[in-house]
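The values are calculated or read from the model by the stated rules, or taken from the named source; none is laboratory data. Only a predicted model underlies this, so the values are computations on that prediction, with no experimental measurement involved. Note that each Cβ is placed from the backbone with ideal geometry, even for glycine, and that neighbours are counted across all protein chains shown.
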Amino acid sequence: MSTSDHFRSDPDSPLWHLRYVDETGSTNTDLLAEADSAPDRTVLRTGHQTAGKGRLDRRWDAPPGTNLLVSLLFRDAPEPADLVRRVGLAVLGAARRVAGVEAGLKWPNDVVVDGAKVAGVLAQRAPNGVVVVGTGVNLRWAPDGAARLGDIDPAVFLEQVLRAFDELPDDVGERYRSHLVTLGQRVRVVRPRDELVGTAVDVDADGRLVVVDECAISHRVDVGDIVHLRPH
Ligand code: BTN
């Protein structure tokens, strides 16, 4: 089944162009393929992905119909890092409203509940500058070690994500930092070629995590997985 609809979170917000398909490979890949034609704020949700993409070339899997799997397309977009923050904060807002759960953000783009991942965000830029931001939110199902929010209709959750997105201020920097549970933590940064242990002290304007290592040397990390370590 395939459906389309429009949604406006309030009279002052631009329209979201919503589409739903029962199954596809990846909603991010689909919207990137439409980068020349799809209107700004196109939203593609699916019930099942057969080639769902996670960060760092990983897969993102969930049984059919269980979780929110959705991508949002933005034209004239600010930096992908800004959109990743906005979508992460919007998922946080929806988790609070729909599930009554206070979630946090783990750098760079995970939404966590009590330290366990409940959602991930993946931004990709098309050659023409269009940015597609996808998120997968564990609602009724979660892989081992991850969290889920409960028996929530993915369409209902999505509506709250879009509302929360539209309510964000122009500058989300402070709000992002206030929810970033990584800050102040001792972390191990697992990068493609090496690892780094230190304290996460800041995020810079480009979205890089600033980590001070045990020799007091400051590193700006743009790619990597973060493991939160116990304090000394
Ligand atoms: C991560 O690795 O944490 C990011 C996961 C992003 C998954 C979502 S599900 C909807 C959209 N389509 C994809 O193929 N990936 C994103």
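Residues of segment 195-232 being aliphatic (A, V, I, L, M) and part of a strand (DSSP E or B), which ones? It would help to see each step written out before you state the result.
Residues of segment 195-232 that are aliphatic (A, V, I, L, M), as a first pass: 196-197, 200-201, 203, 205, 209-212, 216-217, 221, 223, 226-227, 229.
Once the filter is applied, which keeps residues that are aliphatic (A, V, I, L, M) and part of a strand (DSSP E or B), segment 195-232 yields LEU196, VAL197, ALA200, VAL201, VAL203, LEU209, VAL210, VAL211, VAL212, VAL221, ILE226, VAL227.
Mind listing whichever residues of segment 136-174 are without any contact (Cβ under 8 Å) to a residue 40 or more places away in the chain and on the phi > 0 side of the Ramachandran plot?
Result: GLY145, single match.
In this structure, is SER37 in the same structural domain as VAL132 (by TED's automatic domain parsing), surrounded by fewer than 18 Cβ atoms within 10 Å (Cβ to Cβ) and at pLDDT 95 or above? Give the derivation first.
Details: in the same structural domain as VAL132 (by TED's automatic domain parsing): yes; surrounded by fewer than 18 Cβ atoms within 10 Å (Cβ to Cβ): yes; at pLDDT 95 or above: yes.
Yes.
Among the residues of segment 166-205, how many are closer than 20 Å to LEU83 by Cβ and in contact with a strand residue (DSSP E or B) (Cβ under 8 Å, 6 or more places away or on another chain)? Spell out how you get there, then give the answer.
Our first condition is that a residue be closer than 20 Å to LEU83 by Cβ; within segment 166-205, this holds for 166-180, 182, 203-205.
When the remaining residues are screened for being in contact with a strand residue (DSSP E or B) (Cβ under 8 Å, 6 or more places away or on another chain), the result is 176-177, 179-180, 182, 203-204.
Of the residues in segment 166-205, 7 are closer than 20 Å to LEU83 by Cβ and in contact with a strand residue (DSSP E or B) (Cβ under 8 Å, 6 or more places away or on another chain).
Only one of these is closer than 22 Å to GLY224 by Cα, assigned by TED's automatic domain parsing to the domain that holds ILE152 and within 15 Å of the ligand (Cβ to nearest atom): ASP22, ASP30, ASP57. Name it.
Values: ASP22 fails: closer than 22 Å to GLY224 by Cα; ASP30 fails: closer than 22 Å to GLY224 by Cα.
The match here is ASP57.
Answer yes or no as to whether PRO14 is over 21 Å from ASP110 (Cβ atoms) and touching a Gly at 6+ places or on another chain (Cβ under 8 Å). Working first, answer last.
Numbers: over 21 Å from ASP110 (Cβ atoms): yes; touching a Gly at 6+ places or on another chain (Cβ under 8 Å): no.
So PRO14 fails the test.
Given the options VAL203, VAL172, name the one that is out of contact with any helix residue (DSSP H, G or I) (no Cβ under 6 Å at 6 or more places or on another chain) and within 19 Å of GLU79 (Cβ to Cβ).
Going through VAL203, VAL172 in turn, just one is out of contact with any helix residue (DSSP H, G or I) (no Cβ under 6 Å at 6 or more places or on another chain) and within 19 Å of GLU79 (Cβ to Cβ): VAL203.
Can you go through VAL98, VAL111, VAL121, VAL133 and tell me which one is within 12 Å of the ligand (Cβ to nearest atom) and touching a residue at least 40 places away in the same chain (Cβ under 8 Å)? Can you show your working first?
Details: VAL98 fails: within 12 Å of the ligand (Cβ to nearest atom); VAL111 fails: touching a residue at least 40 places away in the same chain (Cβ under 8 Å); VAL121 fails: touching a residue at least 40 places away in the same chain (Cβ under 8 Å).
Being within 12 Å of the ligand (Cβ to nearest atom) and touching a residue at least 40 places away in the same chain (Cβ under 8 Å) holds for just one of VAL98, VAL111, VAL121, VAL133, which is VAL133.
Quick one: ALA77 ticks every box in (1) among the aliphatic types (A, V, I, L, M); (2) buried (at least 23 other Cβ atoms within 10 Å of the Cβ); (3) modelled with pLDDT under 95 bar one, so which box is it?
(2)
Could you say whether any residue in segment 36-53 is within 23 Å of ALA147 (Cα to Cα), out of contact with any Phe, Trp or Tyr (no Cβ under 7 Å at 6 or more places or on another chain), basic (Lys, Arg) and within 8 Å of the ligand (Cβ to nearest atom)?
Scanning segment 36-53 turns up no residue that is within 23 Å of ALA147 (Cα to Cα), out of contact with any Phe, Trp or Tyr (no Cβ under 7 Å at 6 or more places or on another chain), basic (Lys, Arg) and within 8 Å of the ligand (Cβ to nearest atom).
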